[in-house]
1. Can you give me the long-range amide H partners of residue 110? Hydrogens built in the peptide plane at 1.01 Å from N, cutoff under 5 Å, separation of 5 or more residues or another chain.
2. Restricting to DSSP H runs of at least four residues, report the calculated mean residue ellipticity at 222 nm for the chain, -39500 (n - 2.57) per run over all residues, nearest 500 deg cm²/dmol.
3. Beta carbons within 10 angstrom, averaged per residue: use that to sort the peptides 61-70, 236-245, highest first.
4. Give the cross-link partners of residue 256 among the aspartates and glutamates, using a straight C-alpha distance below 13 Å as the criterion and excluding same-chain residues fewer than 8 apart.
5. Along the charge dipole of the chain, which of 159, 108, 244 sits closest to the positive end, that is, farthest toward it, with unit charges on the beta carbon of Lys, Arg, Asp and Glu (+1, +1, -1, -1)?
6. Treating the angle as unsigned and between 0 and 90°, give the value, to the nearest 10°, between the Cα long axis of helix 285-300 and the longest Cα principal axis of the chain.
7. Apply the Karplus curve 6.51 cos²θ - 1.76 cosθ + 1.60, θ = phi - 60°, to the phi angles in segment 155-169 and return the couplings in whole Hz, x for Gly and Pro.
8. Sort 117-123, 183-189, 104-110 by the packing proxy (mean of other Cβ within 10 Å over each peptide's residues), most packed first.
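The values are calculated or read from the model by the stated rules, or taken from the named source; none is laboratory data. Only a predicted model underlies this, so the values are computations on that prediction, with no experimental measurement involved. So basically every Cβ, Gly included, is an ideal-geometry build from the backbone, and we count neighbours across all protein chains shown. Only protein heavy atoms, including side chains, enter the accessible area calculation; ligands, DNA and RNA are left aside. Shrake-Rupley method; radii C 1.70, N 1.55, O 1.52, S 1.80 Å.
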Amino acid sequence: MALASGVRFAARALLRPWALLRGTTLGRTEPAAGGGGDGARRFGSQRVLVEPDAASGVAVMKLRNPPVNALSLELLTELVISLEKLENDKTFRGVILTSDCPRVFCAGLDLTEICGRNPAHCAEYWKAMQELWLRTYLSSLVLVAAINGACPAGGCIIALSCDCRVLADNPKYRIGLNETLLGIIAPFWLKDTYVNTIGHRASEQALQLGSLFPPAEALQVGLVDQVVPEDQVQSTALSEMARWLAVPDHARQLTKNMMRKATADRLLRQRDADTQNFVSFVCRDSIQKSLQAYLEKLRQRKG
Ligand SMILES: CCCC/C=C\CC(=O)SCCNC(=O)CCNC(=O)[C@H](O)C(C)(C)COP(=O)(O)OP(=O)(O)OC[C@H]1O[C@@H](n2cnc3c(N)ncnc32)[C@H](O)[C@@H]1OP(=O)(O)O
């Protein structure tokens, strides 16, 4: 029965991707009425706005932590809770992840969470980052990243954990794991996610150079799946979502798990060691100095 309804839904969505827009504010400038159409009720938290559309089974999850969606401990926690809520509600089959902040999808780790902080806080923070990656990378939902702004480091990891990525064609919106430029290194599970997406040689080079790819290069290296004009990112993400939802959930979910379980298990087997490695690394004086200098440089630039 579920399969039949799943197929029926998919046919409808494939014919009219815009049908998925119903009840969301996507494509509309004015603030949505209280709850959108079809009884959809927006929910979320201070830093994550969720616009569910029960009729389509698709929710839009917007990061809303101005000015740059830096991954604070609160944002990490609220993202995990919002995703878990949608996964537990069988009405929903897909989530589009996007930004509510102009020009930035997500600026990566909130550096103030690890600069000048004690080891206990750094450990708590890193566990939250691990949890978000595990939740998104292994999600039973279809996750489509609608990348409507800059997407460095931790932001890139969130996008890479999705099933596919649509990037706005703006040369300022660069994407990549640029950790080495801050004097830090990506942990193995970020490396693994990169390798699984763009291959070993491309990852080896991009990780060492801390490459931030402009849209055309990101598409060429396979870091994103589509590059479209900025005003088409959300509609393209919806069309892509319809393509993925045309597949019966059970078969797609088992296949996703087959493809990703080994990578996730590597972290699950050594999660405490990974946390200890992170804490001992970032709490080194030399690394603290490097991060402080980077933050200072950021604060001095403008625009
Ligand atoms: C040890 C292993 C860890 C591996 C895992 C992940 C690593 C990381 O994620 S480290 C973080 C990497 N992130 C970056 O390198 C991005 C840094 N930010 C930028 O490049 C720009 O801010 C960005 C392109 C995202 C946006 O540019 P603008 O729109 O011009 O904004 P501003 O640069 O003016 O920034 C506004 C405001 O935000 C502060 N900011 C920016 N990024 C961060 C951040 N990641 N953490 C904390 N704060 C950040 C910036 O300093 C400005 O602050 P104010 O001057 O106080 O307004």
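1. For residue 110, the qualifying residues are 71, 72.
2. That comes out to -15500 deg cm²/dmol.
3. Taking the mean over residues of other Cβ atoms within 10 Å, the ranking is 236-245, 61-70.
4. Hits, sequence-local ones excluded: 163.
5. The Cα lying farthest towards the positive end belongs to 244.
6. 60
7. So the Karplus estimates, Gly and Pro as x, are x, 5, 5, 4, 5, 5, 6, 6, 7, 7, 9, 10, 10, 5, 7 Hz.
8. 104-110, 183-189, 117-123
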